[in-house]
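The values are calculated or read from the model by the stated rules, or taken from the named source; none is laboratory data. If you're wondering where the values come from, they're calculated on a predicted model, not measured in any experiment. Counting neighbours? That spans all protein chains shown, and the Cβs are built from the backbone with ideal geometry, glycine included. Quick note on the areas: whole protein, heavy atoms, side chains included, nothing else; ligands and nucleic acids left out. Shrake-Rupley method; radii C 1.70, N 1.55, O 1.52, S 1.80 Å.
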Amino acid sequence: MRKNREKKKVVVLGSTGSIGRSALQVLKSFEDRFEIFGLSAHKNFELFKKQIREYNPKMAVLTQAESYEKVKRGYINNRIKIEFGAESINQMVSFPEVDIVINAIVGSAGLLPSFATLRAGKTLALANKESLVMAGELLTDLAKKKGSEILPVDSEHSAIKQCLLAGEKNEVKRLILTASGGPFYLTKKKDLSRVTVSEALSHPTWEMGKKITIDSATLMNKGLEVIEAHWLFGIPASQIKVIIHPQSVVHSMVEFVDGTLIAQMSKPDMKMPLQYALLYPERIETNDNFLNLTRIKNLIFLEPDLGRFPALKFCYFALELGGTAPSVLNAANEVAVESFLHRKLSFDKIPMLVRKVLSAHKIKNNPSLEEILEADRWAREESKKFIQRESNR
Ligand SMILES: NC(=O)c1ccc[n+]([C@@H]2O[C@H](COP(=O)([O-])OP(=O)(O)OC[C@H]3O[C@@H](n4cnc5c(N)ncnc54)[C@H](OP(=O)(O)O)[C@@H]3O)[C@@H](O)[C@H]2O)c1
(Lines give C-alpha, C1' and ligand atoms only; values in the text may rest on other atoms or scores of the structure.)
Protein backbone atom coordinates (compact mmCIF):
# COMPACT_ATOMS: atom_id res chain seq x y z
CA MET A 1 0.00 0.00 0.00
CA ARG A 2 1.31 3.46 -0.92
CA LYS A 3 1.53 6.12 1.70
CA ASN A 4 -1.28 8.68 1.68
CA ARG A 5 0.98 11.59 0.77
CA GLU A 6 2.15 9.81 -2.39
CA LYS A 7 -1.33 9.48 -3.76
CA LYS A 8 -2.13 11.65 -6.77
CA LYS A 9 -4.88 14.14 -6.08
CA VAL A 10 -7.55 14.22 -8.73
CA VAL A 11 -10.39 16.59 -9.57
CA VAL A 12 -13.30 15.14 -11.58
CA LEU A 13 -15.27 17.82 -13.42
CA GLY A 14 -18.69 16.62 -14.53
CA SER A 15 -18.65 13.75 -12.03
CA THR A 16 -22.40 13.11 -12.42
CA GLY A 17 -22.13 12.40 -16.16
CA SER A 18 -21.41 9.20 -18.03
CA ILE A 19 -17.64 9.76 -18.16
CA GLY A 20 -17.55 11.30 -14.69
CA ARG A 21 -19.20 8.22 -13.15
CA SER A 22 -16.83 5.87 -15.00
CA ALA A 23 -13.89 8.00 -13.85
CA LEU A 24 -14.98 7.65 -10.21
CA GLN A 25 -15.18 3.87 -10.61
CA VAL A 26 -11.67 3.74 -12.06
CA LEU A 27 -10.33 6.00 -9.29
CA LYS A 28 -11.98 3.80 -6.68
CA SER A 29 -10.40 0.67 -8.12
CA PHE A 30 -6.96 2.33 -7.73
CA GLU A 31 -7.57 3.98 -4.36
CA ASP A 32 -4.05 3.15 -3.23
CA ARG A 33 -2.81 5.52 -5.97
CA PHE A 34 -5.41 8.27 -6.19
CA GLU A 35 -7.29 10.53 -3.84
CA ILE A 36 -10.32 12.51 -4.97
CA PHE A 37 -9.68 16.16 -4.20
CA GLY A 38 -12.65 17.75 -5.93
CA LEU A 39 -15.86 17.09 -7.84
CA SER A 40 -18.18 19.23 -9.94
CA ALA A 41 -21.71 18.85 -11.25
CA HIS A 42 -24.41 21.01 -12.80
CA LYS A 43 -28.03 19.90 -12.24
CA ASN A 44 -27.97 16.39 -10.83
CA PHE A 45 -27.81 17.33 -7.14
CA GLU A 46 -29.25 13.99 -5.91
CA LEU A 47 -26.43 11.95 -7.42
CA PHE A 48 -23.89 14.64 -6.48
CA LYS A 49 -24.88 14.42 -2.81
CA LYS A 50 -24.34 10.66 -2.92
CA GLN A 51 -20.95 11.13 -4.59
CA ILE A 52 -19.89 13.64 -1.93
CA ARG A 53 -20.83 11.16 0.80
CA GLU A 54 -19.09 8.26 -0.94
CA TYR A 55 -15.88 9.97 -2.12
CA ASN A 56 -15.45 12.58 0.58
CA PRO A 57 -13.72 15.27 -1.55
CA LYS A 58 -12.13 18.41 -0.07
CA MET A 59 -14.20 20.60 -2.38
CA ALA A 60 -17.36 20.23 -4.46
CA VAL A 61 -18.69 22.76 -6.96
CA LEU A 62 -22.12 23.11 -8.53
CA THR A 63 -22.64 25.35 -11.53
CA GLN A 64 -26.43 25.56 -11.37
CA ALA A 65 -27.81 27.86 -8.66
CA GLU A 66 -30.81 25.75 -7.61
CA SER A 67 -28.85 22.53 -7.26
CA TYR A 68 -26.11 24.40 -5.36
CA GLU A 69 -28.68 25.61 -2.81
CA LYS A 70 -30.02 22.08 -2.39
CA VAL A 71 -26.59 20.57 -1.80
CA LYS A 72 -25.20 23.44 0.29
CA ARG A 73 -28.04 23.17 2.84
CA GLY A 74 -26.85 19.73 3.95
CA TYR A 75 -23.24 20.83 4.41
CA ILE A 76 -23.31 23.90 6.65
CA ASN A 77 -20.25 23.88 8.95
CA ASN A 78 -18.98 20.73 7.26
CA ARG A 79 -15.28 20.38 6.46
CA ILE A 80 -16.15 19.90 2.76
CA LYS A 81 -16.14 23.19 0.85
CA ILE A 82 -19.31 23.38 -1.26
CA GLU A 83 -19.01 26.21 -3.76
CA PHE A 84 -20.99 27.68 -6.62
CA GLY A 85 -20.13 28.70 -10.15
CA ALA A 86 -17.64 28.48 -12.97
CA GLU A 87 -15.07 30.63 -11.14
CA SER A 88 -15.09 28.15 -8.24
CA ILE A 89 -14.24 25.36 -10.71
CA ASN A 90 -11.24 27.39 -11.85
CA GLN A 91 -10.16 27.83 -8.21
CA MET A 92 -10.64 24.13 -7.42
CA VAL A 93 -8.44 22.91 -10.29
CA SER A 94 -5.74 25.44 -9.37
CA PHE A 95 -5.09 24.33 -5.77
CA PRO A 96 -1.38 23.53 -5.41
CA GLU A 97 -2.05 19.97 -4.19
CA VAL A 98 -4.07 18.99 -7.29
CA ASP A 99 -2.15 16.76 -9.75
CA ILE A 100 -4.69 15.66 -12.37
CA VAL A 101 -7.96 17.15 -13.59
CA ILE A 102 -10.40 14.95 -15.49
CA ASN A 103 -12.53 17.29 -17.57
CA ALA A 104 -15.76 15.38 -18.27
CA ILE A 105 -18.05 18.40 -18.59
CA VAL A 106 -20.15 18.33 -21.73
CA GLY A 107 -20.02 21.10 -24.35
CA SER A 108 -18.48 24.55 -24.42
CA ALA A 109 -18.87 24.88 -20.62
CA GLY A 110 -15.75 22.71 -20.44
CA LEU A 111 -13.52 25.24 -22.21
CA LEU A 112 -12.62 27.61 -19.36
CA PRO A 113 -11.91 24.76 -16.90
CA SER A 114 -9.46 23.31 -19.46
CA PHE A 115 -7.69 26.66 -19.60
CA ALA A 116 -7.63 26.99 -15.82
CA THR A 117 -6.18 23.46 -15.47
CA LEU A 118 -3.36 24.05 -17.93
CA ARG A 119 -2.68 27.56 -16.66
CA ALA A 120 -2.15 26.06 -13.20
CA GLY A 121 0.33 23.58 -14.70
CA LYS A 122 -1.77 20.47 -13.98
CA THR A 123 -2.20 17.34 -16.07
CA LEU A 124 -5.42 17.53 -18.04
CA ALA A 125 -7.16 14.20 -18.72
CA LEU A 126 -9.50 15.48 -21.37
CA ALA A 127 -12.88 14.00 -22.28
CA ASN A 128 -14.35 17.42 -23.15
CA LYS A 129 -13.37 17.39 -26.84
CA GLU A 130 -15.25 20.68 -27.33
CA SER A 131 -12.34 22.45 -25.57
CA LEU A 132 -9.91 21.46 -28.32
CA VAL A 133 -12.47 22.04 -31.08
CA MET A 134 -13.02 25.62 -29.90
CA ALA A 135 -9.50 26.59 -28.90
CA GLY A 136 -7.10 23.81 -29.89
CA GLU A 137 -4.23 26.10 -30.77
CA LEU A 138 -4.44 28.25 -27.64
CA LEU A 139 -4.76 25.20 -25.36
CA THR A 140 -1.92 23.21 -26.90
CA ASP A 141 0.32 26.30 -26.85
CA LEU A 142 -0.56 26.90 -23.21
CA ALA A 143 0.18 23.26 -22.33
CA LYS A 144 3.63 23.57 -23.98
CA LYS A 145 4.36 26.85 -22.22
CA LYS A 146 3.37 25.47 -18.81
CA GLY A 147 4.89 22.02 -19.35
CA SER A 148 1.48 20.44 -18.66
CA GLU A 149 0.26 17.33 -20.38
CA ILE A 150 -3.07 16.86 -22.16
CA LEU A 151 -3.96 13.16 -21.97
CA PRO A 152 -6.85 12.03 -24.16
CA VAL A 153 -9.80 10.25 -22.58
CA ASP A 154 -11.72 9.85 -25.84
CA SER A 155 -11.26 6.18 -26.75
CA GLU A 156 -10.14 6.96 -30.32
CA HIS A 157 -7.46 9.40 -29.21
CA SER A 158 -6.31 7.13 -26.43
CA ALA A 159 -6.00 4.40 -29.09
CA ILE A 160 -4.00 6.67 -31.39
CA LYS A 161 -1.71 7.72 -28.56
CA GLN A 162 -0.97 4.04 -27.95
CA CYS A 163 -0.55 3.18 -31.68
CA LEU A 164 1.85 6.11 -32.20
CA LEU A 165 4.32 4.40 -29.86
CA ALA A 166 5.07 2.01 -32.76
CA GLY A 167 6.98 4.61 -34.81
CA GLU A 168 8.27 8.15 -35.24
CA LYS A 169 5.98 11.06 -36.07
CA ASN A 170 7.63 11.52 -39.49
CA GLU A 171 6.87 7.86 -40.27
CA VAL A 172 3.10 8.35 -39.83
CA LYS A 173 1.12 8.22 -43.05
CA ARG A 174 -2.39 8.52 -41.63
CA LEU A 175 -4.39 8.44 -38.44
CA ILE A 176 -7.53 6.34 -38.92
CA LEU A 177 -10.34 7.18 -36.52
CA THR A 178 -13.02 4.52 -36.23
CA ALA A 179 -16.69 5.44 -35.80
CA SER A 180 -19.46 3.08 -34.76
CA GLY A 181 -21.67 4.84 -37.32
CA GLY A 182 -24.38 5.27 -34.69
CA PRO A 183 -27.88 3.82 -34.98
CA PHE A 184 -28.53 5.11 -38.54
CA TYR A 185 -25.50 4.08 -40.54
CA LEU A 186 -27.75 1.89 -42.71
CA THR A 187 -30.77 4.26 -42.74
CA LYS A 188 -31.76 5.77 -46.09
CA LYS A 189 -31.29 9.53 -46.48
CA LYS A 190 -35.02 10.17 -47.03
CA ASP A 191 -35.82 8.45 -43.71
CA LEU A 192 -33.43 10.58 -41.64
CA SER A 193 -35.98 13.42 -41.39
CA ARG A 194 -38.35 11.09 -39.50
CA VAL A 195 -35.85 9.86 -36.92
CA THR A 196 -37.25 10.19 -33.39
CA VAL A 197 -35.37 11.35 -30.30
CA SER A 198 -35.58 7.93 -28.67
CA GLU A 199 -34.27 6.21 -31.83
CA ALA A 200 -31.37 8.65 -32.00
CA LEU A 201 -30.59 8.10 -28.32
CA SER A 202 -30.32 4.30 -28.70
CA HIS A 203 -26.66 3.95 -29.46
CA PRO A 204 -25.75 0.40 -30.54
CA THR A 205 -22.44 0.03 -28.66
CA TRP A 206 -21.78 2.87 -26.19
CA GLU A 207 -23.74 4.24 -23.22
CA MET A 208 -23.07 7.96 -23.19
CA GLY A 209 -24.60 11.34 -22.33
CA LYS A 210 -27.36 12.64 -24.61
CA LYS A 211 -25.34 15.25 -26.49
CA ILE A 212 -22.55 12.92 -27.59
CA THR A 213 -25.08 10.20 -28.43
CA ILE A 214 -26.83 12.52 -30.88
CA ASP A 215 -23.44 13.69 -32.19
CA SER A 216 -22.55 10.04 -32.83
CA ALA A 217 -25.77 9.54 -34.77
CA THR A 218 -25.07 12.55 -37.05
CA LEU A 219 -21.30 11.73 -37.27
CA MET A 220 -20.67 15.22 -35.91
CA ASN A 221 -18.91 13.50 -33.02
CA LYS A 222 -16.41 11.95 -35.41
CA GLY A 223 -15.85 15.29 -37.09
CA LEU A 224 -15.20 16.93 -33.71
CA GLU A 225 -12.75 14.09 -33.05
CA VAL A 226 -10.90 14.81 -36.31
CA ILE A 227 -10.35 18.38 -35.04
CA GLU A 228 -9.38 17.03 -31.61
CA ALA A 229 -6.87 14.59 -33.17
CA HIS A 230 -5.36 17.37 -35.26
CA TRP A 231 -4.56 19.42 -32.16
CA LEU A 232 -3.55 16.55 -29.90
CA PHE A 233 -1.14 14.91 -32.34
CA GLY A 234 -0.14 17.80 -34.64
CA ILE A 235 -1.25 15.90 -37.76
CA PRO A 236 -2.94 17.79 -40.66
CA ALA A 237 -6.58 17.03 -41.46
CA SER A 238 -5.54 15.60 -44.87
CA GLN A 239 -3.79 12.77 -42.96
CA ILE A 240 -6.73 11.98 -40.69
CA LYS A 241 -9.24 9.49 -42.07
CA VAL A 242 -12.53 8.28 -40.64
CA ILE A 243 -13.81 4.76 -41.15
CA ILE A 244 -17.07 3.19 -39.96
CA HIS A 245 -16.56 0.17 -37.73
CA PRO A 246 -19.91 -0.81 -36.16
CA GLN A 247 -18.50 -3.25 -33.57
CA SER A 248 -16.43 -0.56 -31.77
CA VAL A 249 -13.67 -3.06 -30.98
CA VAL A 250 -10.88 -1.38 -32.95
CA HIS A 251 -10.80 2.05 -31.32
CA SER A 252 -8.53 3.64 -33.92
CA MET A 253 -5.40 2.96 -35.96
CA VAL A 254 -2.20 4.51 -37.17
CA GLU A 255 -0.91 3.71 -40.64
CA PHE A 256 2.84 4.08 -41.10
CA VAL A 257 4.69 4.92 -44.31
CA ASP A 258 5.85 1.31 -44.84
CA GLY A 259 2.23 0.09 -45.02
CA THR A 260 2.10 -1.18 -41.43
CA LEU A 261 -1.22 -0.57 -39.73
CA ILE A 262 -1.21 -0.56 -35.93
CA ALA A 263 -4.65 -0.90 -34.35
CA GLN A 264 -5.67 -0.66 -30.71
CA MET A 265 -8.45 -3.04 -29.65
CA SER A 266 -10.26 -3.47 -26.37
CA LYS A 267 -13.77 -3.85 -25.04
CA PRO A 268 -15.98 -0.83 -25.75
CA ASP A 269 -15.76 0.47 -22.18
CA MET A 270 -14.71 4.03 -21.37
CA LYS A 271 -13.03 2.81 -18.18
CA MET A 272 -10.21 1.55 -20.43
CA PRO A 273 -9.08 4.93 -21.84
CA LEU A 274 -9.73 6.56 -18.47
CA GLN A 275 -7.45 4.04 -16.79
CA TYR A 276 -4.81 4.51 -19.48
CA ALA A 277 -4.86 8.29 -19.01
CA LEU A 278 -4.80 8.11 -15.21
CA LEU A 279 -1.99 5.56 -14.96
CA TYR A 280 -0.05 6.83 -18.01
CA PRO A 281 2.61 5.73 -18.88
CA GLU A 282 2.10 2.61 -16.73
CA ARG A 283 -0.15 -0.38 -17.40
CA ILE A 284 -1.55 -2.32 -14.48
CA GLU A 285 -3.08 -5.76 -14.53
CA THR A 286 -6.87 -5.90 -14.27
CA ASN A 287 -9.15 -8.91 -13.99
CA ASP A 288 -12.02 -8.37 -16.36
CA ASN A 289 -11.04 -6.22 -19.33
CA PHE A 290 -10.00 -8.91 -21.76
CA LEU A 291 -11.34 -9.26 -25.29
CA ASN A 292 -12.38 -12.67 -26.51
CA LEU A 293 -11.47 -12.43 -30.20
CA THR A 294 -13.06 -15.75 -31.18
CA ARG A 295 -16.43 -14.51 -29.87
CA ILE A 296 -16.24 -11.36 -31.98
CA LYS A 297 -16.06 -13.47 -35.17
CA ASN A 298 -15.82 -10.59 -37.66
CA LEU A 299 -14.83 -6.96 -37.79
CA ILE A 300 -16.46 -4.72 -40.41
CA PHE A 301 -14.99 -1.52 -41.88
CA LEU A 302 -16.93 0.80 -44.23
CA GLU A 303 -16.46 4.21 -45.85
CA PRO A 304 -18.57 6.94 -44.19
CA ASP A 305 -21.37 8.25 -46.41
CA LEU A 306 -20.91 12.02 -46.48
CA GLY A 307 -24.11 12.47 -48.49
CA ARG A 308 -26.20 11.11 -45.61
CA PHE A 309 -23.93 12.40 -42.85
CA PRO A 310 -22.59 15.79 -44.05
CA ALA A 311 -21.70 16.92 -40.50
CA LEU A 312 -18.41 15.04 -40.87
CA LYS A 313 -17.36 17.03 -43.92
CA PHE A 314 -18.41 20.33 -42.27
CA CYS A 315 -15.92 19.58 -39.48
CA TYR A 316 -13.08 19.07 -41.99
CA PHE A 317 -14.18 22.30 -43.65
CA ALA A 318 -14.24 24.24 -40.36
CA LEU A 319 -10.77 22.95 -39.49
CA GLU A 320 -9.48 24.06 -42.88
CA LEU A 321 -11.10 27.50 -42.46
CA GLY A 322 -9.45 27.76 -39.04
CA GLY A 323 -9.67 30.75 -36.67
CA THR A 324 -13.12 31.05 -35.10
CA ALA A 325 -14.80 28.63 -37.59
CA PRO A 326 -14.56 25.46 -35.43
CA SER A 327 -15.91 27.35 -32.43
CA VAL A 328 -18.91 28.52 -34.51
CA LEU A 329 -19.48 24.99 -35.81
CA ASN A 330 -19.39 23.65 -32.26
CA ALA A 331 -21.82 26.25 -30.87
CA ALA A 332 -24.28 25.83 -33.76
CA ASN A 333 -24.19 22.08 -33.25
CA GLU A 334 -24.81 22.40 -29.50
CA VAL A 335 -27.90 24.55 -30.12
CA ALA A 336 -29.10 22.23 -32.90
CA VAL A 337 -28.74 19.10 -30.74
CA GLU A 338 -30.53 20.74 -27.82
CA SER A 339 -33.35 21.78 -30.16
CA PHE A 340 -33.60 18.27 -31.61
CA LEU A 341 -33.78 16.82 -28.08
CA HIS A 342 -36.64 19.26 -27.35
CA ARG A 343 -38.34 18.24 -30.61
CA LYS A 344 -37.97 21.72 -32.13
CA LEU A 345 -35.72 20.62 -35.01
CA SER A 346 -35.72 17.45 -37.09
CA PHE A 347 -32.68 15.18 -37.10
CA ASP A 348 -31.71 15.93 -40.71
CA LYS A 349 -31.75 19.70 -40.02
CA ILE A 350 -28.95 19.46 -37.42
CA PRO A 351 -26.14 19.52 -40.03
CA MET A 352 -28.13 21.95 -42.19
CA LEU A 353 -28.25 24.47 -39.34
CA VAL A 354 -24.53 24.05 -38.72
CA ARG A 355 -23.74 24.67 -42.40
CA LYS A 356 -25.94 27.79 -42.56
CA VAL A 357 -24.44 29.35 -39.45
CA LEU A 358 -20.89 28.47 -40.49
CA SER A 359 -21.35 30.00 -43.94
CA ALA A 360 -22.78 33.25 -42.45
CA HIS A 361 -19.78 33.66 -40.12
CA LYS A 362 -16.99 36.17 -40.72
CA ILE A 363 -13.94 34.26 -39.58
CA LYS A 364 -11.45 35.83 -37.23
CA ASN A 365 -7.97 34.39 -37.70
CA ASN A 366 -5.62 33.71 -34.78
CA PRO A 367 -8.41 34.49 -32.32
CA SER A 368 -7.88 35.30 -28.66
CA LEU A 369 -9.91 33.44 -26.05
CA GLU A 370 -12.32 36.41 -25.85
CA GLU A 371 -12.81 36.33 -29.63
CA ILE A 372 -13.49 32.59 -29.50
CA LEU A 373 -16.09 33.10 -26.79
CA GLU A 374 -17.62 35.96 -28.79
CA ALA A 375 -17.85 33.72 -31.89
CA ASP A 376 -19.54 31.08 -29.72
CA ARG A 377 -22.09 33.65 -28.50
CA TRP A 378 -22.73 34.92 -32.04
CA ALA A 379 -23.24 31.38 -33.39
CA ARG A 380 -25.75 30.56 -30.64
CA GLU A 381 -27.80 33.66 -31.51
CA GLU A 382 -27.70 32.86 -35.25
CA SER A 383 -28.70 29.25 -34.57
CA LYS A 384 -31.68 30.34 -32.49
CA LYS A 385 -32.81 32.61 -35.34
CA PHE A 386 -32.55 29.65 -37.74
CA ILE A 387 -34.68 27.51 -35.43
CA GLN A 388 -37.23 30.29 -35.08
CA ARG A 389 -37.49 30.57 -38.87
CA GLU A 390 -37.89 26.79 -39.15
CA SER A 391 -40.68 26.73 -36.58
CA ASN A 392 -42.52 29.58 -38.41
CA ARG A 393 -42.62 27.59 -41.67
N1 LIG B 1 -19.79 9.37 -22.69
C2 LIG B 1 -18.79 8.91 -23.38
O3 LIG B 1 -18.66 7.69 -23.58
C4 LIG B 1 -17.75 9.85 -23.96
C5 LIG B 1 -16.70 9.33 -24.72
C6 LIG B 1 -15.72 10.19 -25.18
C7 LIG B 1 -15.79 11.54 -24.92
N8 LIG B 1 -16.83 12.02 -24.21
C9 LIG B 1 -16.90 13.47 -23.96
O10 LIG B 1 -16.95 13.68 -22.55
C11 LIG B 1 -17.75 14.83 -22.25
C12 LIG B 1 -18.85 14.40 -21.29
O13 LIG B 1 -19.69 13.46 -21.95
P14 LIG B 1 -20.75 12.59 -21.14
O15 LIG B 1 -21.29 11.61 -22.11
O16 LIG B 1 -20.16 12.11 -19.87
O17 LIG B 1 -21.87 13.71 -20.85
P18 LIG B 1 -23.03 13.70 -19.75
O19 LIG B 1 -23.33 12.30 -19.33
O20 LIG B 1 -24.13 14.52 -20.31
O21 LIG B 1 -22.35 14.45 -18.50
C22 LIG B 1 -22.00 15.80 -18.60
C23 LIG B 1 -21.47 16.32 -17.28
O24 LIG B 1 -21.28 17.73 -17.43
C25 LIG B 1 -22.04 18.42 -16.42
N26 LIG B 1 -22.54 19.67 -17.03
C27 LIG B 1 -23.56 19.83 -17.91
N28 LIG B 1 -23.71 21.12 -18.24
C29 LIG B 1 -22.78 21.82 -17.53
C30 LIG B 1 -22.46 23.20 -17.42
N31 LIG B 1 -23.12 24.14 -18.11
N32 LIG B 1 -21.44 23.55 -16.60
C33 LIG B 1 -20.75 22.61 -15.90
N34 LIG B 1 -21.02 21.28 -15.95
C35 LIG B 1 -22.02 20.89 -16.77
C36 LIG B 1 -23.18 17.49 -16.07
O37 LIG B 1 -23.70 17.77 -14.79
P38 LIG B 1 -25.19 17.30 -14.33
O39 LIG B 1 -25.35 15.88 -14.79
O40 LIG B 1 -25.12 17.41 -12.83
O41 LIG B 1 -26.18 18.24 -14.93
C42 LIG B 1 -22.45 16.14 -16.12
O43 LIG B 1 -21.73 15.94 -14.94
C44 LIG B 1 -18.27 15.35 -23.60
O45 LIG B 1 -17.43 16.37 -24.05
C46 LIG B 1 -18.16 14.15 -24.52
O47 LIG B 1 -17.98 14.51 -25.87
C48 LIG B 1 -17.82 11.22 -23.72
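Assorted remarks:
- Surface composition of region 120-191: carbon plus sulfur atoms contribute 47% of the solvent-accessible area (1.4 Å probe, protein chains only, all chains present).
- Extension gain for LYS189-GLU168 works out to 3.4 nm (0.36 nm per residue, less the C-alpha to C-alpha distance).
- Comparing MET220, ILE80, TYR68 along the charge dipole axis of the chain, the residue lying farthest to the positive side is TYR68, per the Cβ-charge model.
- Among the GluC sites (Glu not before Pro) within region 68-147, those in coil by DSSP and having at most 14 neighbouring Cβ atoms inside 10 Å are GLU97.
- Loop chymotrypsin sites (Phe, Trp or Tyr not before Pro), region 250-359, which have at most 10 other Cβ atoms in a 10 Å radius of their Cβ (DSSP): PHE290
- Kirkwood Rh and Cα Rg combined as Rg over Rh, evaluated for region 4-152: 0.95
- Per-pair calculated FRET efficiency, R0 = 56 Å: GLU371 and ARG283 via Cβ, rounded to 0.05: 0.85
- In this Cβ point-charge picture (+1 for Lys and Arg, -1 for Asp and Glu), the chain has a dipole of about 860 debye about its Cα centre.
- For region 4-152, a crude dipole built from +1 on the beta carbon of Lys and Arg and -1 on the beta carbon of Asp and Glu, taken about the Cα centre, is about 340 debye to the nearest 20.
- The orientation-averaged projection of the convex hull spanning the C-alpha atoms of the chain amounts to 20.1 square nanometres.
- Mean-position separation - Cα centroids, region 1-75 and region 314-393, in angstrom: 33 Å
- Computed accessible area, LEU369, all protein chains, 1.4 angstrom probe, square angstrom: 30 Å²
- Pairwise centroid distance, computed over Cα atoms, of region 269-306 with region 79-155, Å: 25 Å
- The solvent-accessible area of HIS42, taken with every protein chain present and a 1.4 Å probe, is close to 90 Å².
- Computed [θ] at 222 nm, helices only, for the chain once each DSSP H run of length n ≥ 4 contributes -39500 (n - 2.57): -14000 deg cm²/dmol
- Overall, the ratio between the Cα radius of gyration of region 236-309 and 2.2 N^0.38 Å, rounded to two decimals, is 1.32.
- In the distance distribution for region 122-177, Cα-Cα pairs more than 16 Å apart total 52 percent.
- Most positive-pole-ward Cα, ALA379, ALA143, PHE309, against dipole of the chain from beta carbon charges: ALA379
- Using a probe of 1.4 angstrom and keeping all protein chains present, the accessible surface of the chain works out to 47 square angstrom per residue.
- Applying a DSSP loop filter and a limit of 10 other Cβ atoms within 10 Å to the GluC sites (Glu not before Pro) in region 235-307 leaves GLU282, GLU285.
- Straight-distance crosslink candidates among aspartates and glutamates, where the alpha carbon sits under 17 Å from LYS222 and sequence neighbours closer than 8 are dropped: GLU130, ASP154, GLU156, GLU207, GLU303, ASP305, GLU320, GLU334, ASP348
- Candidate cross-link partners of LYS72 among the lysines, defined by an alpha-carbon separation under 17 Å and a same-chain spacing of 8 or more, comprise LYS43, LYS49, LYS50, LYS58, LYS81.
- In the chain, a dipole from Cβ-located charges (positive for Lys and Arg, negative for Asp and Glu) runs towards its positive end, and of SER15, PRO246, PHE115 it is SER15 whose Cα lies farthest in that direction.
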